[in-house]
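The values are calculated or read from the model by the stated rules, or taken from the named source; none is laboratory data. All figures in this text were calculated on a predicted structure; none of them were measured in a lab. Quick reminder, even Gly has a Cβ in these numbers, built from the backbone with ideal geometry, and neighbours come from all protein chains shown. For the accessible areas, the whole protein counts, side chains as well, though only heavy atoms, and no ligand, DNA or RNA atoms are used. Shrake-Rupley method; radii C 1.70, N 1.55, O 1.52, S 1.80 Å.
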Amino acid sequence: MTAQLQAAIPPHVASQRIVDFDIYHLPSMLDPHAAWKTLQEPGMPDIVWTPRNGGHWILTRARLIEEGFADFEKFSSRLKLVPKEVGEQYRFVPSTVDPPEHRPYRRLLNSSLSSQAIKRLEPEISALAERLIERFRAQGQCNFTTDYAQQLPIQIFLAMCALPPEDGPPLKALADQITRPDGSMTVHEAVQRLTDYLAGPIAQRIESPGDDVLSRIATGEIDGERLTLQQALAVAPQVLIAGLDTVVNFLSFAMLFLARHPQHRQQLIEQPQLIAAAADELLRRFPLVVATRVVAHDVTVAGVEMKEGDMVVLPSPLFGLDERQNTDPLAVDFARANGQHCTFGRGPHHCPGSFLARAEVRITIATWLRKIPEFAVASGADIAYRGGVVPTILQLPLVWNVSH
């Protein structure tokens, strides 16, 4: 997405709350989390307004972000992206409907992504992690982003959907144009191409369902009625986008931290029982998703007047990094007690894929440290980032000594 011209400042926005902050074009000299953290600097209001991307509010503190996720009567999920006109092009279900309408659609996803279902899938995830690492372990180097992070979550999710693995790269490219648009196509075009791609598989599964995620969507029922093809095509692309993008990008942030902090690696090597807690602490420290809501009716929030139709951004990075919520939030502490985050959202739209994400992160860390315990970022490497609804690391070159 090209840089947006600044919107006019509405009369109900106080001048002291105005910041120049573009979620799609974060300052290039900062990693995305450091860029977001600037909105929690001393003296910064808890609620700010930026004229970028059509103009919108940003809630910067954990208590308010949680309210934004949970209170759908004030903050509707009807529009999920800024600018507003882009959000109107993204109409996938259940992410763009509020309770109670959203609940039966959400139930369609729960059985495929439940903790029990993911537990059964863990041997497959572990086997794939082993195979991927063995492909490059003897080389002493890899581009983690492309050689692993863009492989494991995507291959697992395509297998869960019974889709061809070779379709992964073009589908990932379409998902990127929704979460981190670069202007090469509109969000509407990306959405339409994803929907067109899924039309065939969904129609086939309506006629001849199997035991996969898309079949459960295609044969799902709402209020006792089978979904139509169009209804199924409103649900399936949302699932695909989530499976192709979020964990893919998070894995690179987690591995960048471990590459730069050998003492944390050693702690996990010596105490592997901490790996599950470490995965959750890394999810707290490096969350990515930037959610959006629209104000459902005129309301006052923490003394701030918001008007019906105002767009509101809820940055998950700022929840876990809020010192009012977590002591010393920038530090990574694998023994942290009760670390709080909203990496998977809060309230009715809590991410249904959270069990899968946690399993993939945990298995990746355990398998990698067992096979490549000592590694670092390649000397002279320029770690570049890109902002967006889900920020990313463009390249992560890692190196290690190969044992003979």
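Given the condition over 23 Å from residue 149 (Cβ atoms) and open to solvent by 10 Å² or more (accessible area, probe 1.4 Å), answer yes or no: does some residue in segment 271-281 qualify? Yes: one or more hits. Please enumerate the residues belonging to segment 109-155 that are in contact with a strand residue (DSSP E or B) (Cβ under 8 Å, 6 or more places away or on another chain) and open to solvent by less than 40 Å² (accessible area, probe 1.4 Å). The answer is 136, 140, 142, 143, 144, 145, 148. The set of residues in segment 229-250 being surrounded by fewer than 20 Cβ atoms within 10 Å (Cβ to Cβ) and farther than 16 Å from residue 94 by Cβ consists of 229 alone. Within segment 217-226, being closer than 23 Å to residue 158 by Cβ and either of a type in the set (Lys, Arg) or open to solvent by less than 10 Å² (accessible area, probe 1.4 Å) (or both) holds for 217, 218, 220.
Go through segment 289-403 and tell me which strands (runs of 3 or more DSSP E), entirely inside it, have 2 or more residues that are open to solvent by 10 Å² or more (accessible area, probe 1.4 Å) and over 30 Å from residue 11 (Cβ atoms).
Here the list reads 397-399.
When 214, 158, 174 are screened for being under 25 Å from residue 391 (Cα atoms), aliphatic (A, V, I, L, M) and open to solvent by less than 10 Å² (accessible area, probe 1.4 Å), only 158 passes. All conditions in (1) at pLDDT 95 or above; (2) touching a helix residue (DSSP H, G or I) at 6+ places or on another chain (Cβ under 9 Å); (3) on the phi < 0 side of the Ramachandran plot hold for residue 187, with the sole exception of (1).
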